[in-house]
Every structure is written in structure tokens, then in C-alpha cells.
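The values are calculated or read from the model by the stated rules, or taken from the named source; none is laboratory data. This is a predicted model, so every value here is computed, not measured. Note: ideal-geometry Cβ built from the backbone for every residue, glycine included; neighbour counts use all protein chains shown. Only protein heavy atoms, including side chains, enter the accessible area calculation; ligands, DNA and RNA are left aside. Shrake-Rupley method; radii C 1.70, N 1.55, O 1.52, S 1.80 Å.
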Amino acid sequence: MKDELGVEYTEGHEIRVFANEHQIAWAIRRVAYASHRVMVKAYHSMPEWDEQEIGAALFQRLRSIFGDAAQERVSIVGSSNLDWKFAAQVEIGTRRVLFDVVTPYYTSVCSAVSKFTDIRRLGENNHPVAVVDDLESMGKWLPLVSQEAEVIEDDVSEETLRSVVAEAA
């Protein structure tokens, strides 16, 4: 950040900029801009923390149920030729059940809906499943996500996971 913005972030968690008296206004703008960039980056990373934790636990459950048919962190090219990442996949014959974690944050929901829409256009051999922490916590986002993917909670029973995969296959 020092080279890019002329601002230094110290080990003491301070933002430091060196300026003479003629550069005070510039220095204030630089610190404000750097602070803004840090907060935007942190905000956009928030959903990823939850998603990674839930995704890892989901994959372990799928692996224990479906063995090698379950794969972790797969990439699928959608109908738009965009490469989409999923937390896990269970492949049964020519059918793929693609699991991805969705959190009740704007960035997570919009990304997931775009991904699920693009993947569904590949045909019925691809079945997207949105995994959420809690259906109620999804609030206003749940109807939007459920238009493009089957939605389950991350703590569903093994029987429900088996059923989701069986119905898709």
C-alpha cells in the first residue's frame, strides 16, 4: 500500500503518511482513501470466512457418505464460458450435484445466483445446491437463491444429503 497509495500501515495498526505542511490536505485524502480501500476489502471478504468453514465441513460429510464420488473445491465452466468454483461436488454417472455455500450477504447471494443460473443452463445433468447456515437467517435472499438452486441447511441429516443426491441422479 505504501508504493501504491503513498501510505504505510505499521505493525502498531496505524496508518502513516509523511507530509510537509504544504501536503497536509493531500495526506488527509490519502489516509481517507487508504482506510476506505481497507474497509471495502474486509467487507468483501466477510462472506468468504463463513463459506470456507461451512464448505470444508460439508465436504467431509459428503466424503463420508459418498466416498470418492465426492470432490472438494471443483471448478466448472458454465454456459457463458465463465469458470465457477463450488465447495463440493458429488458425481453420479453423468450427473453432477454441485454444492456451494451461500451466506446472507449481498456479495455472496449475487455471486451464487449468477453461478447457479449459468450452471443450470448447461442442462439437467448439473444440479446446483445452495448450502446455508440457517434458512431463516437468509431472510429476503432465500426466494432469490431458491429460484436457481435447491436450498438446504448445512446441518441436514445424512438421509437428506442422500436424498438430495438421489433425486438429482
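Couple of notes before you dig in:
- Scanning the range 41-58 for residues that are open to solvent by less than 70 Å² (accessible area, probe 1.4 Å) and at pLDDT 75 or above, we see that the one that is nearest to PRO104 (Cα to Cα) is ILE54.
- Pair list, Cβ under 8 Å, 6 or more apart: the range 16-27 residue open to solvent by less than 80 Å² (accessible area, probe 1.4 Å), other residue among the β-branched types (Val, Ile, Thr): VAL17/VAL7; VAL17/VAL31; ALA27/VAL17
- Filter result (touching an Asp or Glu at 6+ places or on another chain (Cβ under 8 Å) and open to solvent by less than 60 Å² (accessible area, probe 1.4 Å)) within the range 114-133: LYS115, PHE116, THR117, HIS127, PRO128, VAL129, ALA130, VAL131, VAL132
- Residue pairs whose Cβ atoms lie under 9 Å apart, sitting 6 or more positions apart in sequence or on different chains, and linking a residue in the range 33-61 that is more than 30 Å from SER157 (Cβ to Cβ) to a partner that is among the aliphatic types (A, V, I, L, M) and modelled with pLDDT of 75 or more, are ALA34/VAL17.
- Residue tally, condition outside any helix (DSSP H, G or I) and closer than 18 Å to VAL145 by Cα, over the range 73-121: 16
- Residue ID - farthest from ARG95 (Cα to Cα), chosen from residues in the range 135-156 that are open to solvent by 60 Å² or more (accessible area, probe 1.4 Å) and either among the aromatic types (Phe, Trp, Tyr) or part of a loop (DSSP other than H, G, I, E, B) (or both): LEU135
- Qualifying residue in the range 79-87 (condition: free of Cβ contacts under 8 Å to residues at least 24 places away in the same chain, loosely packed, with under 14 Cβ neighbours inside 10 Å, of a type in the set (Asp, Glu) and closer than 15 Å to GLU51 by Cα): no
- Any hit, the range 60-71, residues being touching a Ser or Thr at 6+ places or on another chain (Cβ under 9 Å), open to solvent by less than 60 Å² (accessible area, probe 1.4 Å) and at pLDDT below 95: yes
- Being polar (S, T, N, Q), at pLDDT 90 or above, in contact with a strand residue (DSSP E or B) (Cβ under 9 Å, 6 or more places away or on another chain) and closer than 27 Å to ILE119 by Cα is not true of SER80.
- Among residues of the range 122-134, those that are outside any strand (DSSP E or B) and of a type outside the set (A, V, I, L, M), counted: 5
- Residue tally, condition open to solvent by less than 10 Å² (accessible area, probe 1.4 Å) and touching a Ser or Thr at 6+ places or on another chain (Cβ under 7 Å), over the range 91-113: 1
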